[in-house]
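K.L.:
Next up is a structure, given as structure tokens.
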Amino acid sequence: MISRRDFLQASMAASAIYGASGFGEWGKLAAQQALTQDQLLEFDTFGNVSLIHVTDIHAQLKPIYFREPEINLGVGGNKGAVPHITGADFRRAYGIEDGSPSAYALTYNDFSALGQAYGKMGGMDRVSTVVNQIRAARPDALLLDGGDTWHGSYTCYHTEGQDVVNVMNMLKPDAMTFHWEFTLGSGRVRDIVNDLPFAALGQNIFDSEWDEPAEDFAPYKFFERGGVKIAVIGQAFPYMPIANPGWMFPEYSFGIRDQRMQEMVNEVRAAGAELVVCLSHNGFDVDKAMAGRVTGIDVILAGHTHDALPEPVLVGDTIIIASGSNGKFVSRVDLDVRDGKMMGFRHKLIPIFSDVIEPDAEVTAVIDEQRAPYEAELSEVLGRTADDTTLYRRGNFNGSWDDLICDALINEREADIAMSPGVRWGPSIMPGQDITREDLWNVTSMTYPNAYRTEMTGEFIHTILEDVADNLFNEDPYYQQGGDMVRIGGMGYRIDINKPIGERVSNLTLLKTGDSIDPSKTYMVAGWASVNEGTEGPPIWDVVENYIKNQGTVSVAPNTSVDVVGA
Amino acid sequence: MNFTRRNTLWMAMGTAIATVLPFKAFADVDADIAAFTGGAEIGSEGITLVAPEIAENGNTVPVEVNAPGAEAIMILAAGNPTPAVGTFNFGPLAGSQFASTRIRLAGTQDVVAIARMPDGSFVQASQEVKVTIGGCGG
């Protein structure tokens, strides 16, 4: 008799072959100009349960360009492990041909050239088509949204998330968990959640006063699908009040709370759950660590760190699925659940090529309806990119979008040094492309946008870099917050990612003079996205808009000011 | 034991003030432990300490400790100027040997709980709690 583990392993191998051949095939098909929607969606329906996972959409309702990271370093046990491989290493690991559609979708190389050939990705009307197709094959498939959905665009900001809520409701999700949603303010989140036609989950969302589970969010929900009793347990972003302004949602406390996760798994199993799914916003490495500590979870649908992986990662008997960001991908996971156990799975990361997948016209209409009142503001052209400049954000240390934002802060706010947060959202702009106000808001929109200007000592600047670096490079994933390194303008530094906190960052240099940063000297620093209440200054989008308008054509030189050691 | 020493960072990114509290020597911690255990060897089974990996607010950090059968449990904040937090004593009729409280942490440090068992043995659990100026989420 074949054991459950053998089943998983056998199925894993089948999935890997399926994934690899499928990916390689697309390259050939695309070369023949024959990439079709049917090929992208091709899937032999398997088992008796289907899960559909979308996550980290960041309010991108329309197709976008999104360049995947060039540098995404893992430390400790995750050094060189998925998802901490990029570029050619990533393509080699998954059998992806250079220059293929998958290479364009999943890696950074030749991004602007491939982008011209393969076009934009995402668009919630295309995602809707994919969801509908999966439901045509499996009518009771579960659609699960990993959060970071109601944040990240001009219209989302001005409608306080309502535009995205209206569009997502068209797709009829079954459950959702949360992160940036809370930066709308807890009152607004409760207003939306109260009217939500699906489950709002988070086993780790607690009442901060009494340290008890918050009443507004259920820990889990049961679903009966394909004759299987499924429990979906929510896991919101654990470090909300630390990485984002806690004063905007003071009633809530978060944390990983894996002991309670175990209790919830035990509780749903005792209540008859045959399949346990964790809809998580932990971040990939935290999910991997949690899967090693909590037993009894069959599937973790991972979000937050924006990784897109063509195959599941297996930890014990738990499979972890990573579905990318910004609407670029949808994951389909088919499961064979029998006798109360997951006996096998089949998985596909479906890339949403917007020119290949037919938009769902009903959803397009709703998207356009949300945008209509703001169309004039959205479409105003602020400037354009030079032919040598792609604007992107993802990567551990810098991105050209952030370099531009830091340049704007230094020039418009007369500062020595600029700081821009290491968030992972924000689509890309191709060379020679108009930059509209919508594009600028896609990389800056937030509810705490004030661009501060303040004096800091060299010692304090160093302390900030050390602190943020430890959020990224602490060897224990439970101490990682899932963002990238704070972006710095006007200053260079050296970082050894394998050192402990306090010893990673050195050689701080003020670029305009070439002098070392003096710990006791004071520097004028401009930045934005402070988590402190009462931060003063103009919103960052006004600062950058002025700068882009003054520049006309924007050219960003490659950033060579961060010297990375130990990668 | 490996204690993490760090300057205290009360202000989030974007403000210019860093408070630096000098930590006293860790002799205080060793002295507190010696006073509680009488220098006995300390095991690690049978005690569970629950504390956040990263404190949401260093001024009020929830901690829970559970040591079934214990007579007394001492909690220490190893990096605080005064490490002793408190000792919970359980009588013979206590239904459980569980305690939860909130403590103030002067910076990133280990929180330590030591339980004295009825047979005179001791068990210990510890966890590093980070007090951070905050990063920027994805």
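K.L.:
Going highest first, how would you order A:516-524, A:262-270 by mean Cβ packing within 10 Å?
P.N.:
Details: A:516-524: 14.3, A:262-270: 17.1.
Taking the mean over residues of other Cβ atoms within 10 Å, the ranking is A:262-270, A:516-524.
K.L.:
Please quote Rg/Rh for segment A:22-162 to two decimal places, taking the Kirkwood radius as Rh and restricting both calculations to Cα atoms.
P.N.:
For segment A:22-162, the value is 0.99.
K.L.:
Only loop residues by DSSP count here, and only those with at most 13 other Cβ atoms within 10 Å; note down the GluC sites (Glu not before Pro) in segment B:29-138 that meet that.
P.N.:
Working: sites: B:GLU41, B:GLU45, B:GLU53, B:GLU56, B:GLU64, B:GLU71, B:GLU128; in loops: B:GLU41, B:GLU45, B:GLU53, B:GLU56, B:GLU71.
Counting only loop positions with at most 13 other Cβ atoms within 10 Å, the GluC sites (Glu not before Pro) in segment B:29-138 are B:GLU41, B:GLU45.
K.L.:
To continue, here is another question. Over the heavy atoms of B:LEU49, what accessible area does a 1.4 Å probe trace out, to the nearest 10 Å²?
P.N.:
Looks like 20 Å² after rounding.
K.L.:
Per residue of A:237-243, how many C-beta atoms from partner chains lie within 10 Å of its own C-beta, taken as a mean?
P.N.:
For this peptide, the per-residue mean of nearby foreign Cβ atoms is 6.
K.L.:
Which whole number gives the average, over all residues in A:466-477, of C-beta atoms from other chains lying within 10 Å of the residue C-beta?
P.N.:
4
K.L.:
May I ask what percent, to the nearest 5, of DSSP beta bridges between residues of segment B:25-131 are antiparallel?
P.N.:
Values: 28 of 31 bridges.
Looking only at bridges with both residues in segment B:25-131, the antiparallel portion is about 90 percent.
K.L.:
Consider just the alpha-carbon atoms of the protein assembly as shown and return their Rg together with their Dmax, both in angstrom.
P.N.:
Both quantities, over Cα of the protein assembly as shown: 25.5, 80 Å.
K.L.:
Right, next: Along each principal axis of its Cα atoms, how long is segment B:25-131 end to end? Whole angstroms, biggest number first, please.
P.N.:
Principal axes ranked by extent give 36, 29, 20 Å for the Cα atoms.
K.L.:
Listed highest first by mean packing, meaning other Cβ atoms within 10 Å per residue, what order do A:323-330, A:252-259, A:431-438 come in? The partial results should precede the final answer.
P.N.:
On the way: A:323-330: 28.8, A:252-259: 22.6, A:431-438: 18.0.
Top to bottom by mean Cβ count within 10 Å: A:323-330, A:252-259, A:431-438.
K.L.:
Still on this structure, please answer the following. Residue by residue through B:50-59, how many Cβ atoms from other chains fall within 10 Å of the Cβ on average? Walk me through the numbers before you get to the answer.
P.N.:
Details: counts 5, 1, 9, 12, 14, 3, 12, 6, 0, 0.
Taking the mean over all residues of the peptide, I get 6.
K.L.:
Search the structure for amide H atoms under 5 Å from the amide H of B:ILE54, placed 1.01 Å from N in the peptide plane, and list their residues when 5 or more places away or on another chain.
P.N.:
Hits under the 5 Å cutoff: B:LYS130.
K.L.:
Could you let me know the centre-to-centre spacing of segment A:136-161 and segment A:412-450, using Cα atoms, in angstrom?
P.N.:
22 Å
K.L.:
Separate question: Taking the highest mean first, how do the peptides A:120-132, A:143-155, A:368-380 order by number of other beta carbon atoms within 10 angstrom per residue?
P.N.:
Highest to lowest by the protection proxy: A:143-155, A:120-132, A:368-380.
K.L.:
From the alpha carbon gyration tensor of segment A:332-488, can you work out the equivalent ellipsoid semi-axes (sqrt of 5 times each eigenvalue) and give them in Å, largest to smallest? Each step should come with its number before you reach the end.
P.N.:
On the way: eigenvalues 241, 160, 41 Å².
Taking √(5λ) for each Cα gyration eigenvalue gives 35, 28, 14 Å.
K.L.:
On a 24 Å Cα-Cα criterion, which of the cross-link pairs A:LYS172/A:LYS348; A:LYS221/A:LYS341; A:LYS79/A:LYS512; A:LYS499/B:LYS130 come out too long?
P.N.:
Correct reply: A:LYS79/A:LYS512.
The values are calculated or read from the model by the stated rules, or taken from the named source; none is laboratory data. None of the values given here were measured: they were computed from a predicted structure. Cβ coordinates were reconstructed from backbone atoms using ideal geometry, including for glycine residues, and neighbour counts include every protein chain displayed. Surface accessibility is based on the protein's heavy atoms, side chains included, excluding ligands, DNA and RNA. Shrake-Rupley method; radii C 1.70, N 1.55, O 1.52, S 1.80 Å.
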